[in-house]
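> Before we start, here is the structure in question, set down as structure tokens.
The values are calculated or read from the model by the stated rules, or taken from the named source; none is laboratory data. Not measured: the values here are computed from a predicted model. In this analysis, Cβ positions are derived from the backbone assuming ideal geometry, glycine residues included, and neighbour counts consider all displayed protein chains. Remember, those area values only see protein heavy atoms, side chains included, never the ligands or the DNA or RNA. Shrake-Rupley method; radii C 1.70, N 1.55, O 1.52, S 1.80 Å.
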Protein chains: 2
Amino acid sequence: METMLQRPPAIIGQREDEVDTPALLLDLDAFEYNLDRMAQLVAGTGVRLRPHAKTHKSPVIAQLQIALGAVGQCVQKVGEAEALVWGGVRDVFVSNEVVGTAKLARFAALAKIANVAICADSDAHVVAIEAAAADATVRVPVYVEIDAGAGRCGIEPGERAALLARRIAQSQHLTFGGLQAYNGSAQHQRRPQERAAAIETAADAVRRTIDALERLDLRCPVVTGGGTGTFEYEIASGVYTEIQPGSYCFMDADYARNLDANGKPVSTFRQSLFVLSTVMSVPRAGTAVLDAGHKAVTIDSGLPLLWQRPELAYVDASDEHGALSYAPDAQAPRLGEKIRLVPGHCDPTVDRHDWYVGVRNGRVECLWPIPARGAMH
Amino acid sequence: METMLQRPPAIIGQREDEVDTPALLLDLDAFEYNLDRMAQLVAGTGVRLRPHAKTHKSPVIAQLQIALGAVGQCVQKVGEAEALVWGGVRDVFVSNEVVGTAKLARFAALAKIANVAICADSDAHVVAIEAAAADATVRVPVYVEIDAGAGRCGIEPGERAALLARRIAQSQHLTFGGLQAYNGSAQHQRRPQERAAAIETAADAVRRTIDALERLDLRCPVVTGGGTGTFEYEIASGVYTEIQPGSYCFMDADYARNLDANGKPVSTFRQSLFVLSTVMSVPRAGTAVLDAGHKAVTIDSGLPLLWQRPELAYVDASDEHGALSYAPDAQAPRLGEKIRLVPGHCDPTVDRHDWYVGVRNGRVECLWPIPARGAMH
């Protein structure tokens, strides 16, 4: 009773224009540039890099990040942690609350073969993690997630958070790992002043919590948070000891709308992730249809953009079709022509595919599976 | 070199509240009601039912539909056709253009073991299908897709379409299958008059094309189209001989916004598809967070609704989180509580999951794999 595996859409050595579509294309030069660039930006800051695998869902990419100095990986789901640990990653932090006996038993089982840690934002979470750890005879680090300004998960910073940390520290099955303080909503605020202000608010929440921890004679081993849109502010804050960016390795159309201090698009990283698509119909002048709709490239953060094709616009996504428009006097796309799309949002777009097709100089150089694709449990 | 299979989130015999989440839940009573209801609505009309498997992606569900009288299945992608044929479905129509030598070779290979047909909206498509059929020494039916009003794919109705049909009919490797005339944009027009008018336009386009075919001494064997929002109008038109509804077996929040002649939500079918989710955090009064974000339940047609929980609202979807709000005086959701979501759009939501969890009377009765999940090639 098994589901079908989707075959890779390419063969190593093929030309890019021979790749079957829709395909998740990784420009290896840009991808490697991004990994190197982040390693350089973090080097010497004293802050650790723990990239978020919710973006790439791949132990191969995790290992490349770790080889360049990352201390491990973040994930959101136990299933993602399993895919990484089973793929050889030795240090995985579940930067999220996990609820359910079966899930926590799976988490605790991983603690026997890797360093894994997890978050809690209430006593009830701690009680459940403690029971799972006791059952598995392991001792696991638990981080207190504080609401760092996003208003989603996270306990109130300050005394309430510190009391939860004490509850963890007093357990014989748990250790207090530190504070999870991620403000997701700050990542896509367009102006740098807005992002800086949001992270200053997050850092204030961290400081208040560290003060409250000190009043309870508790030390905070790690403060972790930050994403691709804000990590430089977390580093500069002086309170974060670890950052969790995910998207930097790929980038997307939504991040490309973030602006720098000069009002220009932030250019720290390069676009390395694409969905390769094919023109499948040119039914009338001014219209062409691609074979990549929102089942292939998600639209939760807007429509995809066309890569280096200023004369074309992706104007509508249905399930399996993408409608292109172009000026009547522009050259019409050819039936069968391959076109690169820049995803609106990289994380969920990766989660639609089973394989990365790595390309360099117009050739397929590697195929990497995406074992945490669909790992939502 | 394989991707990881996602394990089923349930065990047969479990209670629904024991199912791991997020899970794609199928209420079997409602699902069977929908299959029966459609069979009744089509019976005696002389119009054939060929449900669209782009919705369910499952040979199990295809076989249940066929057992109730459906003549076969529609799909959008060759990979979906493979999943169905390999799962025992004997008659599959690719209601879409397919471009690419490798894809068409796979399509032609299926013609050796099943009745398969495909669409074209240009000479170039026909030439490519002809070459693939010749290579595989098969003869395959090709349908001419006309633009039935959606302005997506499809050749201009009338003479141009008829000439394309003649090109097909004259090939020794092809047969002219008929006309594909689907107006997707009509499915979710809210008022019945709007839907009826859109299908009247589509039927006119069909009539003009049939007239043009007759002038070329060509008979049109099949006129196929129609979806869950409009199929009754296609049946009433007198020109359609086959309908292609997909969503009727599941329904979703978007279809629930369609109105009947009395201005009430259309109630022909029942909601049978849900995403089961768990309350994973209750961080402050008025807020709770579910473990199902838009990686588990897509938001391309709006946010999911909560099933039979009028006191709660799903107000924001991030990748792995769903934010609930509720009135401060309402009872807060409990941590760990299971909540059914009605997907905004059933087709792409199914495509996020590897398994259907069939439930009846609060128990898991069956697990069905989704082999065409991710079959986008």
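> Only one residue in B:100, B:79 is crowded, with 18+ Cβ neighbours inside 10 Å and closer than 27 Å to residue B:357 by Cα, so which one is that?
After ruling out the rest, the residue left standing is B:79.
> Pull up the stretch A:358-377, narrow it to residues that are open to solvent by 10 Å² or more (accessible area, probe 1.4 Å) and more than 18 Å from residue A:87 (Cβ to Cβ), then point me to the one that is farthest from the other protein chains (Cβ to nearest Cβ).
Among them, the one singled out is A:361.
> Also, quick follow-up: I'm trying to understand the selection: among the residues of the stretch B:9-34, which are open to solvent by less than 10 Å² (accessible area, probe 1.4 Å) and not hydrophobic (A, V, I, L, M, F, W, C)?
Scanning the stretch B:9-34 gives B:21, B:22, B:34.
> Out of the stretch B:301-318, which residues are part of a loop (DSSP other than H, G, I, E, B) and open to solvent by less than 20 Å² (accessible area, probe 1.4 Å)?
B:304
> Sticking with this one: Could you list all residues from the stretch A:35-58 that are buried (at least 23 other Cβ atoms within 10 Å of the Cβ) and in a helix (DSSP H, G or I)?
A:38, A:53, A:54, A:55, A:56, listed by residue number.
> On to the next question. Output the number of residues of the stretch A:254-282 satisfying the condition of being among the aliphatic types (A, V, I, L, M), out of contact with any strand residue (DSSP E or B) (no Cβ under 7 Å at 6 or more places or on another chain) and crowded, with 23+ Cβ neighbours inside 10 Å.
Here the count works out to 0.
> Next question, about the same structure. Within the bounds of the stretch A:2-24, is there any residue that is among the charged types (D, E, K, R) and under 17 Å from residue A:247 (Cα atoms)?
So far as the stretch A:2-24 goes, no, none of its residues is among the charged types (D, E, K, R) and under 17 Å from residue A:247 (Cα atoms).
> Select, from B:224, B:228, the only residue that is open to solvent by 10 Å² or more (accessible area, probe 1.4 Å), in contact (Cβ under 8 Å) with a residue 40 or more places away in the chain, under 21 Å from the mean Cα position of the chain (by Cα) and within 22 Å of residue B:49 (Cβ to Cβ).
The match here is B:228.
> Take residue A:346 and tell me if it is within 26 Å of residue A:11 (Cα to Cα), surrounded by fewer than 19 Cβ atoms within 10 Å (Cβ to Cβ) and either among the hydroxyl-bearing types (Ser, Thr, Tyr) or within 11 Å of another protein chain (Cβ to nearest Cβ) (or both).
Criteria not met by residue A:346.
> Here is a further query. Identify the single condition in (1) in a helix (DSSP H, G or I); (2) out of contact with any Gly (no Cβ under 8 Å at 6 or more places or on another chain); (3) within 21 Å of residue A:184 (Cβ to Cβ) that residue A:30 does not satisfy, given that it satisfies every other one.
It fails just one condition, (3).
> Still on this structure, please answer the following. Condition first: open to solvent by less than 50 Å² (accessible area, probe 1.4 Å), more than 22 Å from residue A:79 (Cβ to Cβ), touching an Asp or Glu at 6+ places or on another chain (Cβ under 9 Å) and part of a strand (DSSP E or B). Now tell me which residues in the stretch B:283-300 satisfy that.
If the condition is that a residue be open to solvent by less than 50 Å² (accessible area, probe 1.4 Å), more than 22 Å from residue A:79 (Cβ to Cβ), touching an Asp or Glu at 6+ places or on another chain (Cβ under 9 Å) and part of a strand (DSSP E or B), then B:283, B:288 are the ones that fit.
> To continue, here is another question. Taking interchain pairs and intrachain pairs at least six residues apart, which have beta carbon atoms under 6 angstrom, with the first residue in the stretch B:95-107 and at the interface with another protein chain (Cβ under 7 Å from one of its Cβ atoms) and touching a residue at least 24 places away in the same chain (Cβ under 8 Å) and the second surrounded by fewer than 22 Cβ atoms within 10 Å (Cβ to Cβ) and outside any helix (DSSP H, G or I)?
Sorted first by the residue in the stretch B:95-107, then by its partner, the pairs are B:99/A:336.
> Which of the residues belonging to the stretch B:322-343 are assigned to a strand (DSSP E or B) and either facing chain A (nearest Cβ under 7 Å) or among the basic types (Lys, Arg) (or both)?
Passing the criteria: B:323, B:338, B:340.
> Would you mind telling me which numbered condition in (1) of a type outside the set (Val, Ile, Thr); (2) free of Cβ contacts under 8 Å to residues at least 60 places away in the same chain; (3) open to solvent by less than 20 Å² (accessible area, probe 1.4 Å) residue A:355 fails?
Condition not satisfied by residue A:355: (2).
> For residues that are under 30 Å from residue A:246 (Cβ atoms) and free of Cβ contacts under 8 Å to residues at least 24 places away in the same chain, scanning just the stretch B:301-321, find the one that is farthest from the other protein chains (Cβ to nearest Cβ).
Checking each candidate, the answer is B:313.
> Still on this structure: Working only within the stretch B:185-242, note down all residues that are touching a Gly at 6+ places or on another chain (Cβ under 7 Å) and among the charged types (D, E, K, R).
B:195, B:208, B:234 - these are the residues of the stretch B:185-242 that are touching a Gly at 6+ places or on another chain (Cβ under 7 Å) and among the charged types (D, E, K, R).
> Among the numbered criteria (1) within 14 Å of another protein chain (Cβ to nearest Cβ); (2) closer than 27 Å to residue B:36 by Cβ, which one does residue B:158 miss?
(2)
> Considering the stretch A:124-160 alone, what residues qualify as being of a type in the set (Asp, Glu), crowded, with 17+ Cβ neighbours inside 10 Å and within 11 Å of residue B:283 (Cα to Cα)?
Selection gives A:145, A:147.
> What number of residues in the stretch A:59-70 are more than 24 Å from residue B:21 (Cα to Cα) and either outside any loop (DSSP other than H, G, I, E, B) or of a type in the set (Ser, Thr, Tyr) (or both)?
Here the count works out to 8.
> Could you please find all residues in the stretch A:229-264 being of a type in the set (Asp, Glu), farther than 15 Å from residue A:195 by Cα and either in contact with a helix residue (DSSP H, G or I) (Cβ under 8 Å, 6 or more places away or on another chain) or in a loop (DSSP other than H, G, I, E, B) (or both)?
A:252
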